[in-house]
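Data block below; observations after.
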Amino acid sequence: MAPWHKPWTAQLPQNLASGRKYRGINVFLLATCGYGSPYWLTYKQAIDRGGHVRKGQHGTKVVFWKFGTRQVEDTDGETIERKSVFLRYYTVFNVEQCEGIAARDATRAVNPIEECERILQGMPNPPAIEQEGRAWYRPCSDTVGIPAPNAFSSVEEYYSTLFHELTHSTGHPKRVGRDGIEKLNTFASESYSKEELVAEMGAAMLCGVAGIERLTLSNSAAYLKSWMDVLKSDSRIVVSAASQAQKAADYILGKESYQCQAQ
């Protein structure tokens, strides 16, 4: 079995107008924003290219060093030149935050899968979903983070990952509820590992309902194996996780037995 791989990527960011790749801390500032496109523009650059930044979008600051010289007097009163270094910053926007940019500048189009979208739209009492540079579920704010669809190797992997995080969210007390979801122990602990099993099993079940499991099963199976190895394949834990995954999938699918829990 092939090892599990992270199904999304973060390409090195670059300025669309100049073609220059960002360097240093700017790589981390931009690549972790969760956009599928590596291209960024200033507000003016977007206007100059015949487009504009969509209303309500927030830019990301990038920094650069400006080197120069300045004249100062030394202890003898003579004027000498010394090097000066200034830290400057400006704001840029990803092309996905813009409209009207020429088609050749557009990022890879992603066609939604109708059945997956139906599942997402039908989930009762869903958590908030934010675009982020990695995938996560945060119980304290009841929020799911997910990279942009075109940051994934395939649209099927995007839905599989989103189903995984939504399964985590069903552990919240206002949905199905699972013990310890709001205060999981250390990474790779038994409780953490079991919750990961629940989430990935739930995602696999939802992929099966959506009919995309053929394209996601291999990576999902590798992920499940990695956590079952941590649990030393304890059959009781695995069976329990599967049962809870089924309850989570039923909730997301809006099965009647869980409709009453949506508020």
Treat the count of other C-beta atoms within 10 Å as a stand-in for reagent exposure and order I80, I113, I119 from fewest to most.
I80, I113, I119
Report the FRET efficiency, 1/(1 + (r/R0)^6), for I129 and W65, where r is their Cβ-Cβ distance and R0 is 35 Å, rounded to 0.05.
0.40
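Going by C-beta contacts inside 10 Å, put S141, S240 in order with the fewest on the left.
S141, S240
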In nm, to one decimal, how far is the modelled label at R214 from the one at K44, with both set 7 Å along Cα→Cβ?
5.3 nm
What order do you get for M123, M205 when you list them from fewest to most C-beta neighbours inside 10 Å?
M123, M205
Beyond a 18 Å Cα-Cα separation, which of these cross-linked pairs lie in this structure: K44/K66; K174/K247; K21/K83; K21/K55?
K44/K66; K21/K83; K21/K55
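No value in this document is a laboratory result; all are computed from the given coordinates. Note that this is a predicted model, so its numbers are computed, not measured. Heads up, the Cβs are rebuilt from the backbone with ideal geometry, glycines too, and the neighbour counts pull from every protein chain shown.
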